[in-house]
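Asker: The structure under discussion is supplied below as structure tokens; questions concerning it will follow.
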């Protein structure tokens, strides 16, 4: 892409419109740059209107759950699954900004290396920048950018630290909560929070002792509970099928509609 | 909360075969503590992976640690790929055991700064802080 978009300001409406056009043509650098602009100017969202394209559809899947449960690995495996089905896949991986320095260490890509050179996979790390609710303020807009750029499956990984991660419910068509077996207290806490909003619960690391107990426990609370071993890929096709089933049951929905509901 | 509205975004990782990541992790943490968003990509990255990730993450800078001795080839390859992708605005800096002679030719080729094993963390942070964030 041309270097003219370097240092582009949101006030330059002509420049931003050109950038949006490049996004719609599938230009990766333009999509990256536009996400940065939306992150840096969250109140200046007029460009989002230029991205609207009803001919494009994207499935938006949220993946949440406590740190260490294996969210990134589950996301990595789902990326592989959707790629084998020929879909272009976008990933938005959200991590928390330090409340002290404002900086952030974003390491979710480490578990997604397999797709690093796949041109049909786009992975973007986002920091919360003080926003509460489990996502960054611009995550919804970033999903719209990816949809406009032609990504058909968009996976959003939340920060996964608390019970207040409700943003993802408004953004994703389907929310998957990932838990690991043996996290007794954390599962108790999740019952009052995340598990209420998750459409599908995954007990990952399902080769560890305590898996059956955790599965039994959760099945009393949640409609759909699955076992996966994301490191080997076990249970991932079943998870993808459960996601598809959930979306069939609710009808296909556009990203922007999901935002508004 | 001390969040800059335009924090610098920096990709930090290791290319090549050596597995010594203690230094690069310390640098990642120091840059985070200085208020930057640090995308840590881990070990054994290829130049192609680094440049592809840098573009997707829209970073302002790439910091690579190379202790394997293959710095001449690897840094040059990253510069070449950045040029191919029209992404030369992304600043490349690095660290490792790099002889002065090589450091001179690499900086002449476009590497913005190189830091040896004894370099104070402060210098590295200051260097990155001196770069301008995009958009």
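Asker: Keeping to the range B:15-33, report how many residues are part of a helix (DSSP H, G or I) and more than 9 Å from chain A (Cβ to nearest Cβ). Walk me through how you get there before you give the answer.
Answerer: At the first step, the residues of the range B:15-33 found to be part of a helix (DSSP H, G or I) are B:22-33.
This time we only want the ones that are more than 9 Å from chain A (Cβ to nearest Cβ), so: B:22-27, B:30.
Qualifying residue count for the region: 7.
Asker: When the range A:14-42 is examined, which residues are found to be touching a residue at least 24 places away in the same chain (Cβ under 8 Å) and under 13 Å from residue B:56 (Cβ atoms)?
Answerer: Those that are touching a residue at least 24 places away in the same chain (Cβ under 8 Å) and under 13 Å from residue B:56 (Cβ atoms): A:27, A:28, A:29, A:30, A:31, A:32, A:33, A:34, A:35.
Asker: Would you call residue B:102 in contact with a helix residue (DSSP H, G or I) (Cβ under 8 Å, 6 or more places away or on another chain), within 14 Å of chain A (Cβ to nearest Cβ) and either touching a residue at least 60 places away in the same chain (Cβ under 8 Å) or not in a strand (DSSP E or B) (or both)?
Answerer: Working: in contact with a helix residue (DSSP H, G or I) (Cβ under 8 Å, 6 or more places away or on another chain): yes; within 14 Å of chain A (Cβ to nearest Cβ): no; either touching a residue at least 60 places away in the same chain (Cβ under 8 Å) or not in a strand (DSSP E or B) (or both): yes.
It is false that residue B:102 is in contact with a helix residue (DSSP H, G or I) (Cβ under 8 Å, 6 or more places away or on another chain), within 14 Å of chain A (Cβ to nearest Cβ) and either touching a residue at least 60 places away in the same chain (Cβ under 8 Å) or not in a strand (DSSP E or B) (or both).
Asker: Working only within the range B:52-77, note down all residues that are touching a strand residue (DSSP E or B) at 6+ places or on another chain (Cβ under 8 Å) and closer than 22 Å to residue A:31 by Cβ.
Answerer: Those that are touching a strand residue (DSSP E or B) at 6+ places or on another chain (Cβ under 8 Å) and closer than 22 Å to residue A:31 by Cβ: B:53, B:54, B:56, B:57, B:58, B:59, B:60, B:61, B:62.
Asker: Can you tell me which residue within the range A:6-24, out of those that are out of contact with any helix residue (DSSP H, G or I) (no Cβ under 7 Å at 6 or more places or on another chain) and at the interface with another protein chain (Cβ under 8 Å from one of its Cβ atoms), is modelled with the lowest pLDDT?
Answerer: Step one: of the range A:6-24, the residues out of contact with any helix residue (DSSP H, G or I) (no Cβ under 7 Å at 6 or more places or on another chain) are A:6-7, A:9, A:11-14, A:16, A:18, A:21.
Among the residues that remain, those that are also at the interface with another protein chain (Cβ under 8 Å from one of its Cβ atoms) are: A:6-7, A:9.
Numbers: A:6: 63, A:7: 69, A:9: 82.
By that ranking, first place goes to A:6.
Asker: Same structure, new question: Condition first: more than 7 Å from every other protein chain (Cβ to nearest Cβ) and either without any contact (Cβ under 8 Å) to a residue 12 or more places away in the chain or surrounded by 21 or more Cβ atoms within 10 Å (Cβ to Cβ) (or both). Now tell me which residues in the range A:101-112 satisfy that. Outline the logic, then answer.
Answerer: We begin by selecting, within the range A:101-112, every residue more than 7 Å from every other protein chain (Cβ to nearest Cβ); these are A:108, A:111-112.
Passing the criteria: A:108, A:112.
Asker: Please give the number of the condition residue A:27 fails out of (1) out of contact with any helix residue (DSSP H, G or I) (no Cβ under 7 Å at 6 or more places or on another chain); (2) more than 12 Å from every other protein chain (Cβ to nearest Cβ); (3) closer than 19 Å to residue A:152 by Cβ.
Answerer: Single failed check for residue A:27: (2).
Asker: Look through the range B:74-92, keep the residues that are assigned to a loop (DSSP other than H, G, I, E, B) and buried (at least 18 other Cβ atoms within 10 Å of the Cβ), and return whichever of them is modelled with the highest pLDDT.
Answerer: Residues of the range B:74-92 that are assigned to a loop (DSSP other than H, G, I, E, B), as a first pass: B:85-90.
Within this subset, residues satisfying the condition of being buried (at least 18 other Cβ atoms within 10 Å of the Cβ) are B:87, B:90.
Working: B:87: 94, B:90: 97.
Step by step, filter the range B:74-92, then rank; the result is B:90.
Asker: Here's a follow-up. What number goes with the only condition from (1) under 19 Å from residue B:85 (Cα atoms); (2) modelled with pLDDT of 90 or more that residue A:37 does not pass?
Answerer: Unmet condition: (1).
Asker: Residue B:95 is checked against (1) modelled with pLDDT under 95; (2) in a strand (DSSP E or B); (3) buried (at least 17 other Cβ atoms within 10 Å of the Cβ); (4) within 14 Å of chain A (Cβ to nearest Cβ) and fails just one. What number does that condition carry?
Answerer: Only one criterion in (1) modelled with pLDDT under 95; (2) in a strand (DSSP E or B); (3) buried (at least 17 other Cβ atoms within 10 Å of the Cβ); (4) within 14 Å of chain A (Cβ to nearest Cβ) is unmet by residue B:95, namely (4).
Asker: Residue A:68 passes all but one of (1) touching a residue at least 12 places away in the same chain (Cβ under 8 Å); (2) touching a helix residue (DSSP H, G or I) at 6+ places or on another chain (Cβ under 7 Å); (3) surrounded by fewer than 24 Cβ atoms within 10 Å (Cβ to Cβ); (4) farther than 24 Å from residue B:8 by Cβ; which number fails?
Answerer: Among (1) touching a residue at least 12 places away in the same chain (Cβ under 8 Å); (2) touching a helix residue (DSSP H, G or I) at 6+ places or on another chain (Cβ under 7 Å); (3) surrounded by fewer than 24 Cβ atoms within 10 Å (Cβ to Cβ); (4) farther than 24 Å from residue B:8 by Cβ, residue A:68 violates only (2).
Asker: If you check every pair at least six apart or on different chains, which have Cβ atoms under 7 Å apart with a residue in the range B:34-57 that is within 7 Å of chain A (Cβ to nearest Cβ) and closer than 19 Å to residue B:75 by Cα first and a residue that is crowded, with 23+ Cβ neighbours inside 10 Å and modelled with pLDDT under 95 second?
Answerer: B:39/A:109; B:40/B:13; B:41/A:109; B:41/B:13; B:42/B:13; B:53/A:109; B:53/B:41
Asker: If you go through the range A:42-65 one residue at a time, how many are more than 16 Å from the chain's Cα centre (by Cα) and crowded, with 19+ Cβ neighbours inside 10 Å?
Answerer: Residues meeting the conditions: 2.
Asker: Follow-up. Look at residue A:183 and say whether it is at pLDDT 95 or above and at negative phi. Reasoning before the result, please.
Answerer: On the way: at pLDDT 95 or above: no; at negative phi: yes.
When the stated conditions are applied, residue A:183 does not pass them.
The values are calculated or read from the model by the stated rules, or taken from the named source; none is laboratory data. Source: prediction; values computed, not measured. Every residue, glycine among them, receives a Cβ derived from its backbone with ideal geometry; neighbour counts consider all protein chains shown.
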